[in-house]
1. Give just the number: which of (1) out of contact with any Pro (no Cβ under 9 Å at 6 or more places or on another chain); (2) open to solvent by 50 Å² or more (accessible area, probe 1.4 Å); (3) farther than 22 Å from E369 by Cα does Y63 not satisfy?
2. Name the one entry in V46, V121 that is of a type in the set (A, V, I, L, M) and either at pLDDT below 90 or more than 27 Å from P295 (Cα to Cα) (or both).
3. When M436 is evaluated against the numbered criteria (1) within 25 Å of P308 (Cα to Cα); (2) assigned by the TED database to the domain that holds I342, which criterion, by number, is the only one it fails?
4. Got at least one residue in segment 413-423 being open to solvent by less than 50 Å² (accessible area, probe 1.4 Å) and part of a strand (DSSP E or B)?
5. Here are some conditions: (1) in a strand (DSSP E or B); (2) open to solvent by 60 Å² or more (accessible area, probe 1.4 Å). G72 meets all but one. Which one does it not meet?
6. Among the strands (runs of 3 or more DSSP E) contained in segment 154-215, which hold 2 or more residues that are within 23 Å of V282 (Cα to Cα) and touching a residue at least 24 places away in the same chain (Cβ under 8 Å)?
7. Name the residues in segment 125-153 that are surrounded by 14 or more Cβ atoms within 10 Å (Cβ to Cβ), part of a strand (DSSP E or B) and aliphatic (A, V, I, L, M), would you?
8. I need the full set of residues from segment 75-89 which are open to solvent by 60 Å² or more (accessible area, probe 1.4 Å) and within 44 Å of the chain's Cα centre (by Cα), in order please.
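The values are calculated or read from the model by the stated rules, or taken from the named source; none is laboratory data. Note that this is a predicted model, so its numbers are computed, not measured. We place every Cβ from the backbone using ideal geometry, glycine too, and count neighbours over all the protein chains shown. Heavy atoms of the whole protein, side chains included, go into the accessibility calculation; ligands, DNA and RNA do not. Shrake-Rupley method; radii C 1.70, N 1.55, O 1.52, S 1.80 Å.
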Amino acid sequence: DFGRSSELAFVVEPSDDIAVQEQPLILYCQVEGIQPITITWRKNGVMILDSENAFMLANGSLYVSRFQRVRGDGSSDEGEYDCMAQNHYGLLVSRKAKIQAATMSDFHIHPQNAVVEEGGVARFQCQIHGLPEPVILWHKNSMPVNTDNERYTLLPKGVLQITGLRAEDSGIFHCVATNIANVKFSREARLTVSGSHSTVYKDPMILVGPENLTLTVHQTAVLECIATGNPRPIVSWSRLDGRPIGVEGIQVLGTGNLMISDLTVQHSGIYVCAANKPGTRVRRTAQGSLVVQAPAEFVQHPQSISRPVGTTAIFTCVAQGEPPPQITWLRNGQILETSDHIKLKNNNSTLSIYGINQADEAIYQCLAENSAGSTQASARLTVLWADGLPSPPQGVRAETVSATTIQVSWEKPLQNTKEIIGYVLHIRKAADPVEMEYQEAVSKSTFQQLVTDLEPSTSYSFYIKAYTSRGASKASEVTVVSTLGEVPAMPSLFIKVINSTTVQATWEPSIKLGQHKGFKLYYRKVHLSQYTGPVLLASNVTAYNITHLDASVVYEVKLLAYNQHGDGNSTVRFVSLRETVERTVLNPPCDCMKDEQNNKTSTTGIIIGIHIGVTCIIFCILFLMFGYRGRLLMCKNVQEQLSTPQIPRSQRSTTGLVLNGATRRDRDDRDLNGKQLDMNELERLFPASPSQEQQEKGITSAHSPSAPHDETQISTLPLDEFSIIEEQPDPLPKNPRGSSPAAPAPNHSPANEG
């Protein structure tokens, strides 16, 4: 069991670099682990031998005395370098370091002359390629541009923007590109500011929109957007997917350029620049995509393990990056080849080694690589082998018992059997990969095992290992045997009577039918011993009509499935056609046209009947409601007749029961009492039962005698439409001269009855 410090591992690995022509270059490599350790270097996979130009230092680093992009023999010092470290336990390979020569090309875009009116926007651009990326500065009239001027914006890609132009901005401009390889100057361009600021309206217009960028995490992205118009448009930014841009690391350069610092993968997306006319919805848009890549990095490193001989070793290596990295496994510095006992799963993230032996002891490396970079991690497999382990079990035999059972037997090992604590039987379908193998444990005194729940007509492989507390023996010889074939299962059978002489048999085929499968159908009269059949049917047939039957007897129908191993169990059903014949006699064929006409007539009658029924119910409800109210008023009149003197109708005063035509003075005198009685009357009508006190009072309501449904309007009259007074037995007053006597109150029996 070795500690982490004893593992062979890299402390420092070579990194990507840009070298200067004719200058020295050093690639660093530092390793720790159990000595002795040997370090070697490769370039593009070829071993580097020490020479006057390139040799290894004492600390393991590689020194190139004079880096040359192209040598006299056509070779180059550019390429991918890696360092290899080896000790007694295995070999390790570092990540690949990409070495490039510093260069600078000529300008392929130069600034152009421009004439712009005062208050407008001027833009100059120059572009050049180089390694590393050249730094571009601008000069005006041979002097560096004053970057403190807020109207001057310098973008990293060689763009100069000048907004709110003035006469003093006129001049000659050129750019200067610099990196470790060279310094170069662009051609000159003249800027002329003409006229005065125009007040003519101009629609917003985007002169230059954002370009598509592909960058790496932690770099800075500048998305350019410069717009013109009168009035000057307002520039805004958004993402096409609707997600917020955020504020951290976000900065606006000039009048609308978006700068995003310390890029992350989440910044990837399509960015939209919009030039908006102030106070309106008029706008113009331009968009560009930003792709942020992330070099491969490990989420889970493989761990060194120790395993006994014959067991399984599993290494897991999970990496992430953008784009997703590709994972490659190495064994002692060489690409690992898969085989029956070495498997890669989960997009190469899991390495499984089955039935390990001494030859599998090595250092295993996981290399994760994408277009943004590469990384590596390693782990060592130690195979444990103890002296005195049992020899392999002997005489392994397997015998087929049934379609799902095989019995395996064996004999104990020839050597070192005293420490055996048990046996393990390894089982696998012969056609399956090794990782599909499973095991069954057996006690040390048992030398046979019945393996059940197997699949019919399938070949299985078996081998045995003897186990002690210190480890397992080597595997016994492998034996292969097949299970017996199996007849099909019983199909589901259903019988449907078609007519007085025909039935239809339908069924569902069994999923366990083998090759050359089909069905056999038999039928007979129940009082006979002989079947009619078999009727042989193909495996894809699921129904069959049995015709020319006798309607007076009961039939037995039998169905079974068969294959190359024989007939399966049958399904039996009984069927009688007698009821069908009787129903046919009792129910002769119908006149379809007549039935259809009758159905239409019946439907019309049902609809009319429903309408009549609903109308009757409504009238019944109304009759009950107003009949109840009429009974209340009649009770009131009876009580009044019993409690007050009776006088002739002609002698009653106009102060008796009157309509709404009573004088205003009379109504005002009785307003309070009348309204109180109105509420009591409403409570009697809708919906509670009246109290004894309310039943002793009278009520009249104004209505039109000519209205046929006058009673139905009572519940909707406002309270002030009612006038209620008590009758007084006063003598008839004398009529003033020239006036007619007061008419007696009309008889409102309809209201009382209503």
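1. (1)
2. That would be V121, the only listed residue that is of a type in the set (A, V, I, L, M) and either at pLDDT below 90 or more than 27 Å from P295 (Cα to Cα) (or both).
3. Failed condition: (2).
4. Looking for residues that are open to solvent by less than 50 Å² (accessible area, probe 1.4 Å) and part of a strand (DSSP E or B), one finds at least one in segment 413-423, hence yes.
5. (1)
6. In segment 154-215, 202-208 are the strands (runs of 3 or more DSSP E) which contain 2 or more residues that are within 23 Å of V282 (Cα to Cα) and touching a residue at least 24 places away in the same chain (Cβ under 8 Å).
7. L131, I136, L137
8. Listed by number, the list holds a single entry, E80.
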